[in-house]
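Student: Here's a structure for you.
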Amino acid sequence: MVKELELSTNERELIISGLKEGIRLDGRGIDDFRSLKITLGPEYGRSEVKLGATKVLAKVSCEVARPYPERPNEGILTLNTELSPMAFTGLEPGRPSEEEVLVSRILEKAIKINRAVDVEGLCIVANELAWSIHVDVHFLDNDGNIIDAACIAAIAALSHFRRPDVTVIGEDVTIVFFIISNSKHPVDQRNPVPLSIHHTPICVTFAFFENGDLWVVDPSLKEEQIRRGDMIMAINNHKEICVLSKAGGIPLEMHTIIQCSKLAANKVDWVRERIQAALVNAAEVEKR
């Protein structure tokens with residue numbers, strides 16, 4: 001488990017008294033996200049997300065593999081997370097922390113289990129060849145809410161990724177690899193192929209304090225240290241709740257959950273607009 005320095009009693013009381021007035025230490029309102037910056041490239045499938053001072057890097061890669069026997073017509077999607085000692089100073093080496101396990105499970109549920117990516121479109125030859133897509137998520141700096149930052153980075157990287165084109169004629173399989181070049185004449189005229197994405201689930205995290213009447217969205221690290229419970233919602237572009245995770249903590253009233261879900265739907269739209277803007281910007285840079 002990652003061990004962080006505990007806040008003093010005065011710091012705890014200051015945070016709680018501010019929340020009762022609708023003010024947070026960084027000046028945000030209780031329903032405000034921190035600043036969000038998404039950078040894509042230079043290679044396909046690389047995204048860097050800064051949510052306040054929290055920084056996450058996601059990298060998508062692919063290889064040709066044999067599909068699983070129980071799913072012969074589907075490709076493979078794998079998500080890996082790695083916590084860095086740079087971001088988590090109290091990280092115990094040699095075993096995954098509770099935070100890393102939680103992040104991995106949430107991403108698996110939101111992206112893989114909910115089939116955000118069309119894995120059937122990754123099949124090359126049934127039962128013989130398929131694309132295996134790897135999403136590696138690295139945490140570079142932690143100032144709270146690593147789950148939301150990781151989900152945004154993974155979705156942005158998957159949306160930006162391109163795989164080599166494939167031609168199948170009879171029993172012959174030809175994979176056309178591409179080289180990113182600044183020259184006016186590309187090495188191969190065949191464009192790389194984007195992934196087929198069914199929907200884009202985005203995580204929104206809430207932290208709850210005292211008896212649950214006080215809550216914030218996008219908690220900072222200090223807010224996470226004094227929270228008495230949390231709730232994570234993953235909502236896609238169809239306004240469907242893909243994941244609702246509440247691992248212990250204080251019980252919540254139904255009206256609180258409904259209120260949070262409505263706010264989460266609005267925040268997901270806000271995040272998705274920024275992902276789309278980053279994709280447009282990356283496409284413009286590529287054309288130069």
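The values are calculated or read from the model by the stated rules, or taken from the named source; none is laboratory data. Given the structure is predicted, the values throughout are model-derived calculations rather than measurements. Neighbour counts run over all protein chains shown; Cβ positions are idealised from the backbone, glycine included. Surface accessibility is based on the protein's heavy atoms, side chains included, excluding ligands, DNA and RNA. Shrake-Rupley method; radii C 1.70, N 1.55, O 1.52, S 1.80 Å.
Student: Along the charge dipole of the chain, which of Ile235, His138, Ala87 sits closest to the positive end, that is, farthest toward it, with unit charges on the beta carbon of Lys, Arg, Asp and Glu (+1, +1, -1, -1)?
Tutor: Ile235
Student: When P(r) over Cα pairs in 10 Å bins from 0, in percent is calculated directly from the model, which label among (i) 6, 26, 32, 21, 10, 4, 1, 0; (ii) 7, 30, 38, 21, 4, 0; (iii) 6, 24, 31, 25, 11, 2, 0, 0 fits?
Tutor: Structure-derived value, by its label: (i).
Student: Using only Cα atoms and rounding to the nearest 10 degrees, what angle (0 to 90) does helix 9-20 make with the longest principal axis of the chain?
Tutor: The helix 9-20 is inclined about 80 degrees to the chain.
Student: Mind giving me the FRET efficiency for Asp31 and His198? R0 is 22 Å, r the Cβ-Cβ distance, nearest 0.05 is fine. Walk me through the numbers on the way to the answer.
Tutor: Working: r = 29 Å, r/R0 = 1.32.
After rounding to 0.05, the efficiency reads 0.15.
Student: Under a point spin-label approximation (7 Å from Cα along Cα-to-Cβ), what is the Glu128-Ile16 distance to one decimal in nm?
Tutor: Roughly 6.7 nm, to one decimal.
Student: Separate question: At R0 = 45 Å, how high is the FRET efficiency between Leu221 and Thr167 if r is their beta carbon distance? Nearest 0.05 is fine.
Tutor: Numbers: r = 50 Å, r/R0 = 1.11.
FRET efficiency, Leu221 to Thr167: 0.35.
Student: Moving on to the next point. Treating only the Cβ atoms of Lys and Arg (+1) and Asp and Glu (-1) as charged, compute the dipole magnitude of the stretch 195-269 about its Cα centre; round to the nearest 20 debye.
Tutor: Details: 7 positive and 9 negative charges, 21 e Å.
Rounded to the nearest 20 debye, it is 100 debye.
Student: If you don't mind, another one. For Thr81, what charge total do you get from the other residues with a beta carbon under 9 Å from its beta carbon, if Lys and Arg give +1 and Asp and Glu give -1? Display every interim value, and only then the final one.
Tutor: On the way: positive: none; negative: Glu82, Glu100, Asp136.
That sum, taken over residues with Cβ under 9 Å, equals -3.
Student: Treating only the Cβ atoms of Lys and Arg (+1) and Asp and Glu (-1) as charged, compute the dipole magnitude of the chain about its Cα centre; round to the nearest 20 debye. Don't skip to the answer; put the middle values down first.
Tutor: Values: 33 positive and 42 negative charges, 109 e Å.
Once rounded to the nearest 20, the dipole reads 520 debye.
Student: Set the Förster radius R0 to 35 Å, insert the Cβ-Cβ distance between Glu43 and Arg228 as r into 1/(1 + (r/R0)^6), and round the FRET efficiency to 0.05. Walk me through the numbers on the way to the answer.
Tutor: On the way: r = 43 Å, r/R0 = 1.22.
After rounding, the FRET efficiency stands at 0.25.
Student: Using alpha-carbon positions, what is the distance between the centroids of the stretch 30-94 and the stretch 206-265, in Å?
Tutor: For the stretch 30-94 versus the stretch 206-265, the Cα centre distance is 23 Å.
Student: How far, in degrees from 0 to 90, does helix 98-107 lean away from the longest principal axis of the Cα atoms of the chain, to the nearest 10?
Tutor: Rounded to the nearest ten degrees, it is 50.
Student: What's the extension gain from Val280 to Met254 if we count 0.36 nm per residue and subtract their Cα-Cα distance?
Tutor: Numbers: separation 26, 0.36 × 26 = 9.36 nm, distance 3.92 nm.
Gain in length upon complete extension: 5.4 nm.
Student: Write out the cysteines belonging to the chain for which the nearest other cysteine Cβ is not under 4.7 Å, or none if no such cysteine exists.
Tutor: Lone cysteines by the Cβ rule: Cys62, Cys123, Cys242, Cys260.
Student: Round to the nearest 10 and give me the degree value, 0 to 90, for the angle of helix 146-160's Cα axis relative to the longest principal axis of the chain.
Tutor: The two axes meet at around 20 degrees.
Student: Of Trp270, Trp131, which has the most accessible area and how do the rest follow, probe 1.4 Å?
Tutor: On the way: Trp270 65, Trp131 5 Å².
Final ranking, largest accessible area leading: Trp270, Trp131.
Student: OK, next. Name the shape class, rounded, prolate or oblate, that the alpha-carbon gyration tensor gives for the stretch 49-151, where a ≥ b ≥ c are the square roots of its eigenvalues, rounded holds for a/c under 1.5, and otherwise prolate holds if a/b is larger than b/c and oblate otherwise. Write down the numbers at each step before the final one.
Tutor: Numbers: a/c = 2.64, a/b = 2.32, b/c = 1.14.
It is prolate, given that a/c is not under 1.5 and a/b is the larger ratio.
Student: Carbon and sulfur together cover what percent of the accessible area of the stretch 14-287 at a 1.4 Å probe radius? All intermediate terms of the calculation are to be shown ahead of the outcome.
Tutor: Working: 6890 of 13630 Å².
Result for the stretch 14-287: 51 percent of the exposed heavy-atom area is carbon or sulfur.
Student: For the chain, what does the helix formula give at 222 nm: sum of -39500 (n - 2.57) over DSSP H segments with n ≥ 4, over the residue count, nearest 500 deg cm²/dmol? Please report the intermediate quantities before stating the final value.
Tutor: Values: 5 runs with 77 residues, N = 288.
Value at 222 nm, helices only, nearest 500: -9000 deg cm²/dmol.
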